[in-house]
1. Conditions: (1) open to solvent by 90 Å² or more (accessible area, probe 1.4 Å); (2) outside any loop (DSSP other than H, G, I, E, B); (3) closer than 30 Å to PRO30 by Cβ. THR56 meets all but one. Number of the miss?
2. Pick out the one residue from GLY39, GLY94 that is modelled with pLDDT under 75, on the phi < 0 side of the Ramachandran plot and open to solvent by less than 100 Å² (accessible area, probe 1.4 Å).
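The values are calculated or read from the model by the stated rules, or taken from the named source; none is laboratory data. In this text, all values refer to a predicted model and were calculated from it rather than measured experimentally. Here the Cβ positions follow ideal geometry from the backbone for every residue, glycine too, while neighbour counts run over all protein chains shown. All accessible areas refer to the heavy atoms of the entire protein, side chains included, with ligands and DNA or RNA removed. Shrake-Rupley method; radii C 1.70, N 1.55, O 1.52, S 1.80 Å.
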Amino acid sequence: MYPENAPHMPIQRAVEVHQPTPYPPAAVTPAPVVPMQPGTVPSVASVVLPDGRVVTGYALSPMQPEPLATKPPVSRAAVNVALGGVGFLAVCGGLLLLTTFIAALTALVTQLIILAAVIFGGWIAVQVFTTSGHPGGTTVNIRKAVIKRNHFHG
């Protein structure tokens, strides 16, 4: 790709170097002394930092934590048991509703079958017990137990 005898010069870029500017050390000035009564001066704490500066401040009394609420903490196991119970009751309720629906559907189908049997049986009874018989076809006389087939009166 490159000819072998071609000189390769690296690309030169301008580089800027930034040197951090050190801050001069802070001059430590002692706090002014204010004359007070000996019993009213709070205790003052001083801390010497690694760079030699001294930080002085008043000691604060430790903060007292807020008292806990009156309700006791609920354990995770109790929450899991309660949620499991709610889930179990939901499943049982669903199964109860499903069973009730299946029972109602079965009763409906049974009622429809009985209704069809009554209608079909009534139609058969009307066909059997009609005295104005048709001139042809099957004649059934239940009282005499005589069955005539394809007998034409004429």
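1. Condition not satisfied by THR56: (1).
2. Numbers: GLY94 fails: modelled with pLDDT under 75.
Just one listed residue meets the conditions, GLY39.
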